[in-house]
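The values are calculated or read from the model by the stated rules, or taken from the named source; none is laboratory data. These numbers come from a predicted model, not from an experiment. When we count neighbours, we look across all protein chains shown, and the Cβ atoms used for this are built from the backbone with ideal geometry, even at glycine.
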């Protein structure tokens with residue numbers, strides 16, 4: 001990749017608006033302490049399942065860390081209060097902080113509970129440090145003792161500045177100095193918790209890129225070619241070209257539509273037909289606000305108190321015909337035991353119409369495909385047409401899943417959780433339905449194996465990934481990634497190890513060895 005100087009990149013970046021970011025560390029802990037009426041000095045940990053997500057400063061002093069298991073955390077701090085995470089609780093508690101900030105500034109943009117952005121009111125308060133001091137003082141009055149303020153040219157740089165401020169203090173990056181400030185930060189600052197962020201940060205570290213400045217110095221064209229759209233966006237952030245501005249919160253729109261039946265209807269066809277005007281009104285009202293619905297909840301209410309509810313997703317967005325189809329399918333799958341008096345269409349997820357409109361060169365999804373799939377679902381049932389999805393797992397076959405077309409993806413294993421023993425990205429492109437017998441031998445012709453401790457016995461020099469194919473020389477190999485699955489169940493226990501092998505012909509394969517037998521699981525095309 002071609003490389004330019006950081007000063008050249010800074011000069012090429014347009015001046016971004018000044019943004020102030022207010023960060024309240026460990027906000028889920030603050031919200032949990034308030035909800036449980038605990039002491040602010042008590043050691044507290046917020047968990048998801050059996051893993052620590054956040055912990056208080058007093059818990060950290062006793063050795064509790066994020067990612068630690070509950071039993072390990074309690075072993076280090078016996079007085080630890082373990083509270084399950086609750087995003088709704090965090091948002092309710094943070095609403096008070098947002099309301100307080102809106103008394104000082106007109107525009108507040110909540111990013112997530114504990115983090116928000118706002119335009120810098122420097123003229124009103126006499127300067128950026130003075131404005132930050134007023135904000136910090138207000139938060140302390142609200143009982144938020146650990147609050148930090150950062151000011152910079154863009155939202156990303158301001159957040160990083162806030163993370164480097166002291167408690168109840170601020171860090172101001174000079175105007176035009178965001179790129180220079182970001183250049184010395186570790187590359188992990190790009191990881192905001194999303195799986196694609198973590199994958200890119202891991203890849204950059206393997207490529208030897210340790211600082212944001214090193215990533216920013218790469219050419220824009222090379223980054224777009226190698227890392228795609230998401231990589232280009234993070235590259236812009238590293239260059240200090242974050243043009244996002246703080247936008248004020250808008251009151252939620254009342255977009256729910258209702259179809260009332262008087263007298264109540266008993267059969268499916270009249271109910272679906274009578275809901276047509278409501279579906280048209282639902283889509284038209286969203287369009288008037290420049291929105292489309294991608295996830296909708298359909299509520300069916302009986303005249304004697306029965307209620308049926310189901311949430312539907314769509315690969316693109318719902319038209320009125322799509323909504324009528326879903327009403328029909330829902331009533332078929334969950335028949336009402338009494339006459340239906342009302343049907344409600346509740347939008348669960350709406351997006352900008354501009355993000356889903358037809359592209360200049362016809363890049364948008366084809367309506368004919370959506371209608372064809374919907375027609376098949378109408379004849380065969382919604383579960384008869386499935387689409388591929390990715391879930392968590394160690395092996396490539398375990399990561400594959402099929403979900404009904406247009407349905408919200410639920411019940412899958414989370415891909416963001418740690419999966420010890422899983423292979424690093426990129427994922428193989430061709431996964432075999434059934435693993436194929438393979439052979440891997442060393443220089444002496446003996447079969448390569450893996451010991452019970454995960455050590456390779458012999459170095460792979462030749463292998464045959466396909467029983468009907470030739471024996472290939474090994475150009476490069478990586479591994480093993482050992483897995484000891486279901487060790488507590490002798491009947492289903494498995495002890496396997498995966499390897500990545502590249503042949504002299506340039507082909508790359510994913511092989512697994514179990515009890516001395518080699519199998520080919522996938523190929524990298």
### Task
Can you tell me which residue among 243, 224 is at pLDDT below 85 and either more than 17 Å from residue 157 (Cα to Cα) or assigned to a loop (DSSP other than H, G, I, E, B) (or both)?
243
### The lone exception for residue 236 - which of (1) within 30 Å of residue 120 (Cβ to Cβ); (2) in contact with a strand residue (DSSP E or B) (Cβ under 6 Å, 6 or more places away or on another chain) it fails
(2)
### Query
surrounded by fewer than 13 Cβ atoms within 10 Å (Cβ to Cβ) and outside any strand (DSSP E or B): does that describe residue 460?
no
### Task
List the number of the failed condition for residue 395; all other conditions in (1) modelled with pLDDT of 70 or more; (2) assigned to a loop (DSSP other than H, G, I, E, B); (3) over 22 Å from residue 484 (Cα atoms) hold.
(3)
### Message
Residues to consider are 405, 419; find the one that is on the phi < 0 side of the Ramachandran plot, touching a helix residue (DSSP H, G or I) at 6+ places or on another chain (Cβ under 9 Å) and surrounded by 16 or more Cβ atoms within 10 Å (Cβ to Cβ).
### Response
405
### Task
Please enumerate the residues belonging to the range 119-131 that are within 31 Å of the chain's Cα centre (by Cα) and either within 17 Å of residue 165 (Cα to Cα) or surrounded by fewer than 17 Cβ atoms within 10 Å (Cβ to Cβ) (or both).
120
### Message
So residue 412 passes all but one of these: (1) surrounded by 14 or more Cβ atoms within 10 Å (Cβ to Cβ); (2) at pLDDT below 80; (3) part of a strand (DSSP E or B). Which condition number does it fail?
### Response
(3)
### Task
Report yes if some residue within the range 189-200 is surrounded by 16 or more Cβ atoms within 10 Å (Cβ to Cβ), in contact with a strand residue (DSSP E or B) (Cβ under 7 Å, 6 or more places away or on another chain), without any contact (Cβ under 8 Å) to a residue 40 or more places away in the chain and not in a strand (DSSP E or B); otherwise report no.
no
### Task
Might you check whether a residue that is out of contact with any helix residue (DSSP H, G or I) (no Cβ under 7 Å at 6 or more places or on another chain) and closer than 30 Å to residue 204 by Cα occurs anywhere in the range 246-259?
yes
### Selection count, the range 353-386, where residues are more than 29 Å from residue 402 (Cβ to Cβ) and at pLDDT 65 or above
1
### Task
Name the residue, out of 513, 474, that is touching a strand residue (DSSP E or B) at 6+ places or on another chain (Cβ under 9 Å), farther than 16 Å from residue 419 by Cβ, touching a residue at least 60 places away in the same chain (Cβ under 8 Å) and not in a loop (DSSP other than H, G, I, E, B).
513
### Answer from 29, 64, 74 - the residue that is within 30 Å of residue 138 (Cα to Cα), surrounded by 15 or more Cβ atoms within 10 Å (Cβ to Cβ) and not assigned by TED's automatic domain parsing to the domain that holds residue 159
29
## Note on the structure
Given (1) in contact with a strand residue (DSSP E or B) (Cβ under 8 Å, 6 or more places away or on another chain); (2) in a loop (DSSP other than H, G, I, E, B), residue 143 misses just (1)
